[in-house]
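Read-outs: derived from the displayed coordinates by stated rules, not from any lab. Small disclaimer: the values here were computed from a predicted structure and weren't measured. Cβ atoms come from the backbone with ideal geometry, glycine included; neighbour counts cover every protein chain shown.
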Amino acid sequence: MRRRCAPHVLPAPASGCSGIKLSATRSCDSWFFFFFPPPFEVESQEQSGGGGGGPTARVVSAGGCSLFSSTLSRSFVARRDFSLQPFPFAMAGAIIENMSTKKLVIVGVILLLFQAFAFMVGGLIAPSPTTAVHYLATKCVDTVKQRQETKWFMPWGPNQCDKIRTFDEAMAKKIEANNIVFAVHIPLPNKEMSSWFQFMLVILQFDIAFRMHNQIKDGALVTIDVSLAYRDDTISKWTEMAHSFEQRKLSCNFTTTKTSENEGRHYECDLLPFMEVGSVAHKYYLLNIRLPINERKNINVGIGEIKDIRLVSIHQNGGFTKVWFAMKTFLTPSILIIMIWYWRRITLMSRPPVLLEKVILALGISMTFINIPVEWFSIGFNWTWMLLFGDIRQGIFYSMLLSFWIIFCGEHLMGTRLFAAWSLERGQVKMCESGLPTITELVTELGSHLTNNLQDQTERNRLSVYWKQVGPIVFGSFCLFIFDMCERGVQLKNPFYSIWASEVGTELAMAFIIVAGICACLYFLFLCFMVFQVFRNISGKRTSLPAMSKARRLHYEGLIFRFKFLMLVTLTCAAMTVIFFIISQVNGGHWHWGEHTVQVNSAFFTGIYGMWNLYVFAIMFLYAPSHKRYGDEQSSGQCITGDAGANSGEDNQLTTTITHVDGPTEIYKMIGKEAQE
Amino acid sequence: MFMHLEVFYYVFILLAHMRSCYCWSVNNFLMTGPKAYLIYSSSVAAGAQSGIEECKYQFAWDRWNCPERALQLSTHSSLRSANRETAFVHAISSAGVMYTLTRNCSLGDFDNCGCDDSRNGQRGGHGWLWGGCSDNVGFGEAISKQFVDALETGQDARAAMNLHNNEAGRKAVKGTMQRTCKCHGVSGSCTTQTCWLQLPEFREVGNYLKEKYHRALKVDLLRGAGNSAASRGAIAETFSSISRKELVHLEDSPDYCLENRTLGLPGTEGRECLKKGKNLNKWEKRSCKRLCGECGLAVEERKAEMVSSCNCKFHWCCAVKCEQCRKTVTKYFCVKKGGQRGRNESAGSRRKNLRLRKKH
């Protein structure tokens, strides 16, 4: 087991520089401190120096400090802010640092196995995620003069309506357009819908024939009088579910030349969103569509010659739902358990949890929130809001994940700042000088909120520091939430509603999406900038690493490793998501692999879902405070007293240990390289 | 009317044939007896007819204009030709049958569209619930295959050619289908997307096959043909080496300029052609030259007064209020030239035409 001694600040008498001074005991440089993981020392620090008032920073002036103390006073002040707690931002002594290479590899392999399993479950067991079923509306004739509201037209089966095959027939029989009802029964004969289908959305398509004298007018609107009914057995009466007058904009173009030779050819029309229901609680659905004509009010005039109405209904496959539920049911307890375990470790420490730890917990909570298989209830209950709820849950998770990345970067950015302080403290004038521009930069970069922090020490480590970065996330997801409420929220009431159907709605929806897009761009700019800053700091400080004591160096290497490890894993996960997304989009949906059919789309869904679960799992596990801190209090006391004699004895012994387990350092280098590339 | 009769004749043969054939039991995942075929027969008939209508449209300005006789796909006629045109007729008919069956599936006309689940050995229910049904196109293809291909009982080269062209017709339907996608993820994003194949207009299939017709491959298998096992093997081998999307023919086409009673060809005399017009394509603009000039016939201009409807007010269906307009239109027809001179010219042009055809 590899241990790292992290640098720590000790109270020291003020000297030279007035005001803020930075210090570390030399004794801590010794190998002895390898035994004491940093968090414990934080505690000891608190006990010894902070008293009841919490940790305080002791800054000791370095040799040449006074030379530029006046110019640096502002930066020192800023630094002081960072060094108030010895390790305020980074959670010192996370499991990942204290883990041996072997164990880390084992954990990685196990996670990879689970990942492969998640992909295989989707690819080999589950069917494709969704099914599209084509329907061609049957043209029924409403023979009854006075329209009865309760009359339903069945396209086939017993009690089917009076059908006409083509409209030429209607012309011959002198049937008017207002008496024609397009009937679609969902599903097709001999099948029934099931609540396992989760949702159903229907797309409308018109087959409009081109006629020289009856062309589609520009910006033609089609008004649809549509009603939806359901029943649960084949003999009972239809119950109305929804009835609405809807308008849809026809956007059709005629690809060939508009000549009389091409009369009768069809326009190419865009798909029109038609209906969306969030639960499929009934077995049979019936759609009756009318296209009423009112010349006076200019309704359904100039829409060309409609030949047919085609519908495509899309629902989730029952098999996929089952596999998905099974996955959720399996993942919920595993994330929940690791979350509880993680939080127990945090609370076991005597210091209050830092922001990053809280954010990781929040990430775990949002993952659990997404995982909890409340969808099971949709099998028994007719909960149409499940689709909306699912969207909200996903939104919360995404914004949490994005916030986590920002805060992780931010905390490590500051964590590395501490570094500058450490090099100063060692009394190396050169270091001090080389650190000078960085510190000044630091202050200017971080801007006003840092100086604000100065005024209130407790403000450090708080979410409000990140308002600039988290703001866009919150605002963007809020925009998307509003948009979703406008679309799917209203659909709870009227399944035929579509925000895209009206001009105002389209503009509003576009506005929301564009704002969300801008927020996303802003966020990624911030994130990239932050990552860039961290890397610049890391590379800047790397030069000063050799000059440091080994213990401190290892601590900083630990910080860098922790950051680069997460960077690498995150980038891998993001890249995997993008790659699989592209594959599943480009690919026809399934691959044939020998006798097996691999459902690429399903594999994408289960695999990516599993991957982010494993990601959250790994973060909570690896970034949890190391348990080695507990029960080491006594030895830490030794650290503080600084028994140099005892140290020297153990020094040799430890050096040999180090040479044996030099693996992680190599990994740091490796990962550092990769991350830089 | 004549054509209708032909279609029913065609279906009748089909049905008669089904009854006598026992080879179905192997593949009867959907039907249990002749009665089951009756469900599809009207669709098959409509499909075959739509195929022929499309054929007529596609060949309206060609020398061969898809006469009704071309529909005789039956095995009984020993005078069956095996030329390029026969290939097209076979392909477009089987495509029409497949197209109509697929379409009628979406109307809910049949009970078991797409849900054969032959892979799992399950029928209906469970397969539909677990993973949905396969495409209706697959169903249309299977039924069309069983109906249309059943007409070929022989095992000679002609039969092999017809089967190949039937398959090419079905592939044409599949090949012209359009992939359409709909995004329905979180907030309508494309994280979840469903795609499906959509039947095109049948005209698209016709256009596609017309192109294939121009590029049809000639296979020389008629010479030395016997019914021995060796030659059968050779036939199978030859056809399997050709892409199933291509049309195949064995013979050259006869001269469609002249009337030929033994082959039942009407000739191009008296046909209408197109000459001037703003929106004609190249093929249409040359139609008078092709139909009349190159066949040694003269083009006659006839003016006719036509009554047509104009200034119409349309609804999307059924109601049309029009005024009657008269306008003079010029039409062009092929008529015989007087005397010996014309015939010589006709022979010359035919030779030229042959040369042209070889270039294909």
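Inside 10 Å of the C-beta atoms of A:299-305, what's the mean count of C-beta atoms belonging to other chains?
Averaged over the peptide's residues, the number is 3.
Which whole number gives the average, over all residues in B:178-188, of C-beta atoms from other chains lying within 10 Å of the residue C-beta? Numbers along the way, then the final one.
Details: counts 1, 1, 5, 3, 8, 1, 8, 2, 11, 17, 12.
Mean partner-chain Cβ count within 10 Å for B:178-188: 6.
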Checklist outcome for this item: Among the range B:181-213, those whose backbone N falls under 20 Å of a label point 7 Å along Cα→Cβ from A:TRP385 are B:186-188
Checklist entry - For the range A:131-316, what number of Lys pairs, 8 or more residues apart or on separate chains, have alpha-carbon atoms under 16 Å from each other? => result 17
Checklist entry - Label A:ILE125 and A:TRP341 with points 7 Å out from Cα along Cα→Cβ: what is the distance between them in nm? => result 2.2
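Over the Cα atoms of the range A:131-316, compute the convex hull volume and normalise it per residue, giving Å³.
Numbers: hull volume 24.2 nm³, N = 186.
Looking at the range A:131-316, the number lands at 130 Å³ per residue.
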Checklist outcome for this item: The extension gain from A:ALA326 to A:ALA547, computed as 0.36 nm times the residue separation minus the Cα-Cα distance, is 74.1 nm
Next on the checklist: Just to be sure I follow: if Rg is taken over the C-alpha atoms of the range A:94-187 and Rh is the Kirkwood radius over the same atoms, what is Rg/Rh?
Outcome noted: 1.57
Item to check | Cα-based Rg of the range A:162-241 normalised by 2.2 N^0.38 Å, two decimals | outcome: 1.46
Next on the checklist: Could you derive backbone 3J(HN,Hα) for the range B:206-219 from the dihedral phi with the Karplus parameters 6.51, -1.76 and 1.60 (θ = phi - 60°), listing whole Hz in sequence and x where the residue is Gly or Pro?
Outcome noted: x, 4, 4, 6, 5, 4, 5, 4, 5, 10, 4, 9, 9, 10
Checklist outcome for this item: Taking R0 as 30 Å and r as the Cβ-Cβ distance between B:LYS331 and B:GLU211, the FRET efficiency 1/(1 + (r/R0)^6), rounded to the nearest 0.05, comes to 0.60
Checklist entry - If the label point is 7 Å along Cα→Cβ of B:LEU258, which residues in the range B:283-313 have backbone nitrogen under 14 Å from it? => result B:295-297
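If you take each beta carbon of peptide A:259-265 and count the beta carbons of other chains within 10 angstrom, what is the mean?
3
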Checklist outcome for this item: One finds, for A:LYS151 and A:VAL474 with R0 = 45 angstrom and r their Cβ-Cβ distance, a FRET efficiency to the nearest 0.05 of 0.30
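Summing +1 for each Lys or Arg and -1 for each Asp or Glu, what net charge is found among the other residues whose Cβ lies under 13 Å from the Cβ of B:CYS195? Provide the component values of the computation, followed by the final result.
On the way: positive: B:ARG179, B:LYS182; negative: B:ASP135.
With Lys, Arg at +1 and Asp, Glu at -1, the net is +1.
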Checklist entry - Any idea what the relative contact order of the range A:131-316 is, in percent, if you count C-alpha pairs under 8 Å spaced at least 6 apart? => result 37
Checklist entry - What nm distance separates the two modelled labels at B:ASN311 and A:SER502, each placed 7 Å from Cα along Cα→Cβ? => result 3.9
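Let's test the formula: R0 of 56 Å, r as the Cβ-Cβ distance of A:VAL109 and B:ASN281. What FRET efficiency results, to the nearest 0.05? Walk me through the numbers before you get to the answer.
Values: r = 65 Å, r/R0 = 1.17.
After rounding, the FRET efficiency stands at 0.30.
On average, how much area does the Cα convex hull of the range B:257-307 cover when viewed from any direction, in nm²? Each step should come with its number before you reach the end.
Values: hull surface 19.3 nm².
Result: a mean projected hull area of 4.8 nm².
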Checklist entry - What is the log10 of I(q)/I(0) for the range A:494-628, computed with the Debye formula using one identical point scatterer on each Cα and no solvent, at q = 0.16 Å⁻¹? => result -1.08
Checklist outcome for this item: Simple SL model, points at 7 angstrom along Cα→Cβ for B:LYS245 and A:ASP233; separation in nm is 5.2
Checklist entry - If you take the C-alpha gyration tensor of the range B:269-336, multiply each eigenvalue by 5 and take the square root, what semi-axes do you get, largest first, in whole Å? => result 32, 14, 9
